[in-house]
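Novice: Supplied in C-alpha cells, the structure appears directly below.
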Amino acid sequence: MDQVPSLSEEDAATVEAQLGRPTRGAVRVAHRCPCGRPDVVATRPRLPGGSPFPTTYYLTCPRASSACSTLESNGVMAEMQARLGEDPALADAYAAAHEAYLADRRALGEETGDGDVPEIDGVSAGGMPERVKCMHALLGHALAAGPGVNPLGDETLARVGEWWSRPCLPDRVTAPTRDEEDA
C-alpha cells in the first residue's frame with residue numbers, strides 16, 4: 001500500500017487534546033459528535049510499533065467516556081450481562097454485532113496494509129460476543145456503525161445522554177507549535 005490513511009492535522013490535534021496524549025494508529029474519524037469534533041476514531045488493528053490492537057473503534061471524547069464510566073460504576077454492565085444470559089434474541093444480536101466488528105477490522109486491516117492480525121483473531125471489543133466488559137467500546141461501536149448493529153451499544157448510547165451539551169474542549173484546538181513543544 002502506498003500510503004496508510006490518517007487523521008487530518010486538525011482532527012489529530014483535537015483527538016490528542018481529548019486524550020491528553022498523541023493518537024496511536026488512528027486512521028480516520030469514525031464518528032463526529034454533534035458539536036462537530038471527533039468522538040470515535042477508527043484505529044489500525046496493528047499499531048505502528050507492531051502491537052496488536054483489538055479496539056477498532058476508540059472512544060475519544062472525554063465527556064462520552066466519563067458518561068460510560070458512570071454507567072459502569074452504577075452496575076449497568078452487570079445488568080446487561082445478566083440479560084444476555086436470559087434473552088436469546090439479545091444474545092444472538094450481540095453475537096452478530098461481534099461478527100460485524102470483526103468484519104470492520106478485517107476491512108480496515110486490508111485498507112491499511114496490516115492484513116489479518118492473528119494475535120487478536122476472533123477478539124472484538126467490549127466483551128463481545130459473550131460478555132459485557134467495556135461500555136466505552138460498546139458506545140464507540142454503536143456510534144461508528146450506526147443504530148441497529150450493536151444492541152447493547154445502542155442501549156449505552158441511549159443511557160449516556162447528551163454528553164455534547166457540555167463541550168469537551170475549548171472552541172479552538174490547534175497542534176502545539178515548535179516553540180510550545182520546546183517550552
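Novice: Taking the options G122, G146, name whichever one is on the phi > 0 side of the Ramachandran plot and touching a residue at least 12 places away in the same chain (Cβ under 8 Å).
Specialist: Only one candidate passes the filter, namely G122.
Novice: Now for a different question. Regarding the stretch 47-61, can at least one residue be identified that is among the aromatic types (F, W, Y), in contact with a His (Cβ under 8 Å, 6 or more places away or on another chain) and within 28 Å of R166 (Cα to Cα)?
Specialist: Among the residues of the stretch 47-61, at least one is among the aromatic types (F, W, Y), in contact with a His (Cβ under 8 Å, 6 or more places away or on another chain) and within 28 Å of R166 (Cα to Cα), which makes the answer yes.
Novice: If only one of A144, A67 is within 23 Å of R46 (Cβ to Cβ) and outside any loop (DSSP other than H, G, I, E, B), which one is it?
Specialist: On inspection, the qualifying residue turns out to be A144.
Novice: Another question about this same structure. Does any residue in the stretch 98-115 that is among the polar types (S, T, N, Q) come within less than 6 Å, Cβ to Cβ, of a residue that is loosely packed, with under 15 Cβ neighbours inside 10 Å and modelled with pLDDT under 95 six or more places away or on a different chain, and which pairs are these?
Specialist: Cβ pairs passing all conditions: T112/V4.
Novice: Listed residues A30, A91, A82; which is in contact with a Leu (Cβ under 6 Å, 6 or more places away or on another chain) and either closer than 23 Å to P129 by Cβ or of a type in the set (S, T, N, Q) (or both)?
Specialist: Just a single option satisfies the conditions, and that option is A91.
Novice: Among the candidates A12, A89, A17, which residue alone is within 23 Å of V160 (Cα to Cα), part of a helix (DSSP H, G or I) and of a type in the set (A, V, I, L, M, F, W, C)?
Specialist: Just a single option satisfies the conditions, and that option is A17.
Novice: Looking at E130, E119, which one is in a helix (DSSP H, G or I) and of a type outside the set (V, I, T)?
Specialist: Step by step, each of E130, E119 is checked, and only E119 is in a helix (DSSP H, G or I) and of a type outside the set (V, I, T).
Novice: Just give me the residues in the stretch 32-44 being surrounded by 24 or more Cβ atoms within 10 Å (Cβ to Cβ) and either at pLDDT below 95 or part of a loop (DSSP other than H, G, I, E, B) (or both), in sequence order.
Specialist: Of everything in the stretch 32-44, just one residue is surrounded by 24 or more Cβ atoms within 10 Å (Cβ to Cβ) and either at pLDDT below 95 or part of a loop (DSSP other than H, G, I, E, B) (or both), namely R44.
The values are calculated or read from the model by the stated rules, or taken from the named source; none is laboratory data. Quantities reported herein were computed from a predicted structural model and do not represent experimental measurements. So basically every Cβ, Gly included, is an ideal-geometry build from the backbone, and we count neighbours across all protein chains shown.
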